Amino acid sequence: MNSEIIVVSGLPRSGTSLMMQMLDNGGLEAVTDNVRTADTDNPKGYYEFEKVKKIKQDASWLPGTRGKAFKMVSQLLYDLPMGEKYRIIFMERDLDEVLASQEKMLQRLGQRAAPREQMKRSFGLHLDKLHRWLGDQQHLKVLRVRYNELVQRPEAEAERVNTFLGGKANVAGMAKTVDASLYRNRKTLSELSSNPFSDNYSLASGQLILWWDI
């Protein structure tokens with residue numbers, strides 16, 4: 001595991017920052033530059049690393065992240081060099097919740113959101129294509145984690161993540177990170193079960209970049 005790179009990925013506002021916090025509190029080293037600081041939308045921090053955004057142009061920093069974890073928006077997974085081995089923790093969240101969170105953030109930033117149904121379709125196309133591609137890659141392994149289940153059952157989900165990572169994390173430290181009060185823009189359980197995430201998938205490739213800093 002020390003030679004593998006841990007990547008936390010997913011759509012913006014899908015719980016990637018929470019997972020990074022969990023890994024950090026679980027004793028794993030989080031690769032972050034703290035350029036983007038905590039704010040109202042992410043009061044515990046974003047855990048971002050600016051070099052990740054330009055990995056296609058410069059991946060010289062990547063070997064230094066072996067055995068560590070960094071966050072990467074889902075569209076950039078295609079740019080991970082094949083010369084490394086990766087463990088990808090992919091965060092999933094109901095698309096209406098994702099988009100509601102994105103819309104509120106954009107509103108606070110004074111920016112206008114694209115029509116929700118249009119974004120749901122484009123995000124779904126992106127996710128469908130990405131997961132098919134991920135399944136064909138020999139240099140990476142993927143664990144998919146549902147955000148709502150993580151918040152409702154932090155100990156069980158932390159144990160799943162720890163097993164995926166070879167038992168190198170502190171499960172109790174990970175689980176105590178979860179603060180259910182920060183699960184905003186949520187649907188009810190009946191809404192989630194009547195409109196499952198797998199049916200919600202939908203990004204015209206250019207549109208994801210519009211949400212780059214969300």
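Readers should treat all values here as calculations from the given coordinates under stated rules, not as data from a laboratory. As the structure is a prediction and not an experimental result, all values here were calculated from the model. Positions of Cβ are generated from backbone atoms using ideal geometry, with glycine treated the same way; all protein chains shown enter the neighbour counts.
A few points about this structure:
- Computed lengthening from residue 172 to residue 61, 0.36 nm per intervening residue step minus Cα-Cα distance: 36.9 nm
- Straight-line reach from residue 168: taking Cα to Cα under 19 Å and skipping same-chain neighbours fewer than 8 places apart, the lysines in range are 68, 71, 85, 141, 176.
- Residue separation of residue 33 and residue 118 scaled by 0.36 nm, minus their Cα-Cα distance, works out to 27.2 nm of gained length.
- Averaging Cα coordinates gives a centre for the stretch 99-138 and one for the stretch 44-63; these two points are 21 Å apart.
- Projected label distance in nm at residue 78 and residue 149, using a 7 Å step from Cα toward the beta-carbon: 2.8 nm
- Residues in the stretch 1-37 reached by a label modelled at residue 85 [backbone nitrogen below 11 Å; 7 Å Cα→Cβ]: 1-5
- Taking the average, over residues, of other Cβ atoms within 10 Å as the packing measure, peptides 151-164, 48-61, 88-101 rank 88-101, 151-164, 48-61 from highest down.
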